[in-house]
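Asks: Sharing a structure below in C-alpha cells format, with a few things to ask.
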Amino acid sequence: LCAWKDTEEVLSGRNWKTEVDCVVSETTNTPAIRMMNIWGVSTSGTLPAAVARPIYDRFETMISNHCALATTPSILCENVFQTSYQWLEMETEEELFLGAIFGICFSLAIVLFALVVSTLDILITFFAFVSISGTVLTIMGMVTLIGWKLGVVESVCVSIVAGMSVDYIVHFASSYMEEKLKDADDLDPAYQMSYHRTRAAVTALGVSVLSAAFTTALSTVWLNLTIVVFYVKFGQFTMITIIVSALYSFFFFLPLLFAFGPDHDGWSSITRWFKTLKNKVC
C-alpha cells in the first residue's frame, strides 16, 4: 500500500497520496502505515443527538477495543480519531439543550425569589409559580407543535421565556396583596374575602394588563415582516409568550386567587410569621 500510493494510479478519483502516510521503521527498515483516512457514507441523514450519541459511543468503543487488542499499540492508536458533521451537530444540539435547561431553571429560581419578595406570602407565591411554570410548559409545547427544532434562536428564546411570562401574574399578585379592603363592612357577606380582593385587583389592573398584552403582541407583527430568521422567530415566540401569559394570568391565576386566595395577614403571610417570631423572641 505504501508503494502503491506513490504511483500515478488513481482510484475512485481520489488522491491517495493525501489519504495514506507511511514511515520507514528504524529497526526493520521497512515501511509502515502512520496515517490512513477511512471514508464512509451514511444514508441516515441528520440524526437527533439522542440517536447520534449511542452511535458515536459505539465507534469510540470499537476504536478503543481494537487498540487494546493490538500487539503494538504504538503511535497509531494514540492519534486515531473519527470525525463527521453529524458529531458536530450532535455536540451543538446537546450544548444548546443544556443551555436552554439551565436558562429555564435559573430564570425560574430568580422568578421564585422575586415573587417571595414582592408578595411576602407563601400561598400567593405558590399560585404564581405554578401559573408561570404552566405558561412555560405550554409555550414549549406550542413551539414544538409548530415544528421548531432546537437551534441557537430557539435556545435563546426558551432561556428567557420564564422572565417574559412573569410580568402580568406578578402585577395581579401584588395588587391582590396590596388591597387592604378597609371598607370591609360594606362588602357583600355572601362572598368570601378572596373574591372581593380578586375583584379589586382585576378592577385596578385588568385593563392595563390587557392593554399591555395587546400592544406588545401587536408590536411583534413588524418583526414577522422581516427576512432575518432571528427576528422572525423571536417575533413569533414573543407573540406566543404574551398571548399564553395573558391567558394564564386571567383564566388560571385569578381563578386560583378567587377560590383559594389568602386573607390579609393570613396563615401564609411571611410578615405575620416575622411578627410572631419577633413577639416570641422579644
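Asks: Which residues, counting only those in the range 84-120, are touching a Gly at 6+ places or on another chain (Cβ under 8 Å) and outside any helix (DSSP H, G or I)?
Replies: Selection gives nothing.
Asks: State the number of residues belonging to the range 209-256 that are more than 22 Å from the chain's Cα centre (by Cα) and closer than 18 Å to residue 170 by Cβ.
Replies: Of the residues in that region, 13 qualify.
Asks: Quick check on this structure: which one of 89, 19 is modelled with pLDDT under 80 and either surrounded by 10 or more Cβ atoms within 10 Å (Cβ to Cβ) or closer than 30 Å to residue 125 by Cα (or both)?
Replies: Only one candidate qualifies: 19.
Asks: Among what's in the range 214-235 and is of a type in the set (Ser, Thr, Tyr) and in contact with a helix residue (DSSP H, G or I) (Cβ under 9 Å, 6 or more places away or on another chain), pick the residue that is least open to solvent (accessible area, probe 1.4 Å).
Replies: It comes out as 220.
Asks: Which residues, counting only those in the range 134-151, are in contact with a helix residue (DSSP H, G or I) (Cβ under 9 Å, 6 or more places away or on another chain) and in a helix (DSSP H, G or I)?
Replies: Those that are in contact with a helix residue (DSSP H, G or I) (Cβ under 9 Å, 6 or more places away or on another chain) and in a helix (DSSP H, G or I): 134, 135, 136, 138, 139, 140, 142, 143.
Asks: Listed residues 253, 274; which is surrounded by 19 or more Cβ atoms within 10 Å (Cβ to Cβ) and either within 18 Å of residue 121 (Cα to Cα) or free of Cβ contacts under 8 Å to residues at least 12 places away in the same chain (or both)?
Replies: Testing whether each residue is surrounded by 19 or more Cβ atoms within 10 Å (Cβ to Cβ) and either within 18 Å of residue 121 (Cα to Cα) or free of Cβ contacts under 8 Å to residues at least 12 places away in the same chain (or both) leaves just 253.
Asks: What number goes with the only condition from (1) at pLDDT 85 or above; (2) open to solvent by less than 70 Å² (accessible area, probe 1.4 Å) that residue 117 does not pass?
Replies: For residue 117, the failing item is (2).
Asks: Within the range 131-145, take every residue that is in contact (Cβ under 8 Å) with a residue 24 or more places away in the chain and either more than 17 Å from the chain's Cα centre (by Cα) or open to solvent by 10 Å² or more (accessible area, probe 1.4 Å) (or both) and give me the one that is farthest from residue 251 (Cα to Cα). Before you say what the answer is, go through the steps one by one.
Replies: Going residue by residue through the range 131-145, those that are in contact (Cβ under 8 Å) with a residue 24 or more places away in the chain are 131-136, 138-139, 142-143.
Among the residues that remain, those that are also either more than 17 Å from the chain's Cα centre (by Cα) or open to solvent by 10 Å² or more (accessible area, probe 1.4 Å) (or both) are: 131, 133-134, 138, 142-143.
Details: 131: 10, 133: 15, 134: 12, 138: 14, 142: 18, 143: 21 Å.
By that ranking, first place goes to 143.
Asks: Only one of (1) open to solvent by 80 Å² or more (accessible area, probe 1.4 Å); (2) modelled with pLDDT under 80 fails for residue 97. Which number is that?
Replies: If we test residue 97 against (1) open to solvent by 80 Å² or more (accessible area, probe 1.4 Å); (2) modelled with pLDDT under 80, just (2) comes out false.
Asks: While we're looking at this one, here's another question. Among the candidates 200, 204, single out the residue that is more than 22 Å from residue 154 (Cα to Cα) and either open to solvent by 60 Å² or more (accessible area, probe 1.4 Å) or modelled with pLDDT of 90 or more (or both).
Replies: Among 200, 204, only 204 is more than 22 Å from residue 154 (Cα to Cα) and either open to solvent by 60 Å² or more (accessible area, probe 1.4 Å) or modelled with pLDDT of 90 or more (or both).
The values are calculated or read from the model by the stated rules, or taken from the named source; none is laboratory data. Remember, it's a predicted structure, so these values are computed and weren't measured experimentally. FYI the Cβ positions are ideal-geometry reconstructions off the backbone, even for glycines, and counts take in every protein chain you see. Keep in mind that these areas ignore ligands, DNA and RNA; they rest on the heavy atoms of the full protein, side chains included. Shrake-Rupley method; radii C 1.70, N 1.55, O 1.52, S 1.80 Å.
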